[in-house]
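Here is the structure we will look at, set down as structure tokens.
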Amino acid sequence: MTEALNPSNREKYNKVLSESKGTPILFLIPMRTPTGKFRKKSQVSGGLAALDFLEGWLIANAIEKNTDLINNKRTKFLRQIHVVGFFNAKKGESTSASQQLRKALFSNL
């Protein structure tokens, strides 16, 4: 929660609030123990790789939905990746192969 509410992130959030219409939503995803309890900060160290992966995955999906995403952490790399018809695709470049790939990876989501 400390990172989510740090001064830089609060500034970005407030800037978007002042410039946009709509209802802001902030999702906080806690890390839990195998028994479902919230992990204490001291218990997170072993899960940092999982947190890093999840953050990168969420950012990549957010960029796909909103190319104007203001989060700039790790987005430069993600914005440069281009997979024809699949990731950072240009309008109209979808192919049957890219559609099959999307279906194979995301049909259960």
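For the stretch 41-56, state whether one or more residues are modelled with pLDDT under 85 and touching a strand residue (DSSP E or B) at 6+ places or on another chain (Cβ under 8 Å). So far as the stretch 41-56 goes, no, none of its residues is modelled with pLDDT under 85 and touching a strand residue (DSSP E or B) at 6+ places or on another chain (Cβ under 8 Å). Would you confirm whether any residue within the stretch 68-78 is among the hydrophobic types (A, V, I, L, M, F, W, C) and either more than 30 Å from N9 (Cα to Cα) or not in a loop (DSSP other than H, G, I, E, B) (or both)? Within the stretch 68-78, one or more residues are among the hydrophobic types (A, V, I, L, M, F, W, C) and either more than 30 Å from N9 (Cα to Cα) or not in a loop (DSSP other than H, G, I, E, B) (or both).
When you look at K12, is it of a type outside the set (D, E), part of a helix (DSSP H, G or I) and exposed (fewer than 10 other Cβ atoms within 10 Å of the Cβ), yes or no? When the stated conditions are applied, K12 does not pass them. Scanning the stretch 68-102 for residues that are surrounded by 10 or more Cβ atoms within 10 Å (Cβ to Cβ) and either touching a residue at least 12 places away in the same chain (Cβ under 8 Å) or over 29 Å from A4 (Cα atoms) (or both) yields a total of 23.
Within the stretch 79-101, the set of residues being part of a helix (DSSP H, G or I) and over 18 Å from A60 (Cβ atoms) comprises S96, A97, Q99, Q100. Taken residue by residue, the stretch 17-37 has no member that is of a type in the set (K, R), within 16 Å of the chain's Cα centre (by Cα), surrounded by 10 or more Cβ atoms within 10 Å (Cβ to Cβ) and part of a loop (DSSP other than H, G, I, E, B).
The values are calculated or read from the model by the stated rules, or taken from the named source; none is laboratory data. The structure presented is a predicted model; accordingly, all values stated were derived computationally and were not measured. Note that we place each Cβ from the backbone using ideal geometry, even for glycine, and neighbour counts take in every protein chain shown.
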